[in-house]
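Taking it in order: structure first as structure tokens, then the write-up.
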Amino acid sequence: MEKVGIRMYSENNTCATCGRVIHSTHGLMLVLFSVDRAICHECGQKLAPDLVGVLDFLHDAHVGNFAFKFGGCPECGTNHGHLNIGPDDVWFRCDDHRSKWKIESEFQLDQYETKDGWRKNTARIKDYRKVEPAHGFRIFTLRDANSPF
């Protein structure tokens, strides 16, 4: 039986098992230790369903925390984090519904970003639609039929 674990990744990957593109929304991904590569949620369900449950729980907590502080998608309540696109120009987003919203912040989120990073972030959300964020959110359980995860 293949050994599967959870590891931090900062970029998108392809699944070591099926080749599907995996979008990292919070840095944690399942990894197949024999090849030291990420695997997708579906392959993880087959190889290590308990670890998928842990990863889903951590993802729900992360999304809920961001949605509480900075609002969430008006369609699903999700917040996939922020992208800096310039000095004091911070946008939060829902990648599932391709929506974005700007929050005025009293703290600086862009202090470690470069102009090249801002250009990449701008391109990433260029086609996202501007929305008013939803405030007040719903925490999804792992077996919730309406969960976007």
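Nothing in this text is a laboratory measurement; each read-out follows from the coordinates by a stated rule. None of the values given here were measured: they were computed from a predicted structure. Note that we place each Cβ from the backbone using ideal geometry, even for glycine, and neighbour counts take in every protein chain shown.
Distance between the pseudo-spin-label points of R98 and I6 (7 Å out from Cα toward the beta carbon): 3.1 nm. Listed from fewest to most Cβ neighbours within 10 Å, the set L55, L28, L83 follows the order L28, L55, L83.
How much FRET efficiency would the formula 1/(1 + (r/R0)^6) give for F57 and K115, where r is the Cβ-Cβ distance and R0 is 35 Å, rounded to 0.05? After rounding, the FRET efficiency stands at 0.40.
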